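Since the structure comes first, as structure tokens, the remarks are kept for the end.
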Amino acid sequence: MMNVKIGMTIEEAAEYTGIGRNTMRKLVEWNKLPVLKVGRKNIIRTDALERFLSINQGKNLLNRDDVRRVE
């Protein structure tokens with residue numbers, strides 16, 4: 001059986017996508033990416049992250065108004 005992660009920390013999500021950690025934190029702060037709070041950690045579901053990347057392809061992730069929110 002494969003060991004597949006269904007959630008990852010902001011740091012892991014940044015490494016997985018190539019998006020910088022600070023940009024990833026901003027996306028969470030702007031409520032563009034849904035997270036599960038576990039103490040001080042934010043966990044991002046892998047499927048939500050992949051949907052986010054798909055719907056925001058070609059967008060400037062540093063411009064809050066350009067980025068579409070993922071539910």
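The values are calculated or read from the model by the stated rules, or taken from the named source; none is laboratory data. If you're wondering where the values come from, they're calculated on a predicted model, not measured in any experiment. Positions of Cβ are generated from backbone atoms using ideal geometry, with glycine treated the same way; all protein chains shown enter the neighbour counts. Protein only, heavy atoms only, side chains kept; ligands, DNA and RNA dropped before computing areas. Shrake-Rupley method; radii C 1.70, N 1.55, O 1.52, S 1.80 Å.
Each label was represented as a point 7 Å from its Cα along the Cα-to-Cβ direction; for ARG21 and GLU50 these points are 2.6 nm apart. Quick check for you: with a 1.4 Å probe and neighbouring chains kept, what is the accessible area per residue of region 21-71, in Å²? Heavy-atom accessible area per residue stands at 72 Å².
Applying 1/(1 + (r/R0)^6) with R0 = 35 Å to the Cβ-Cβ distance of VAL4 and ARG68 gives a FRET efficiency near 0.85.
The H on the amide N of ARG69, modeled in the peptide plane, is under 5 Å from the matching H of no residue at least 5 residues off or on a different chain.
Between (i) 39, 26, 21; (ii) 53, 30, 27; (iii) 42, 24, 22, which matches Cα extents along the principal axes in Å calculated for the structure shown? Label (i) holds the value from this structure.
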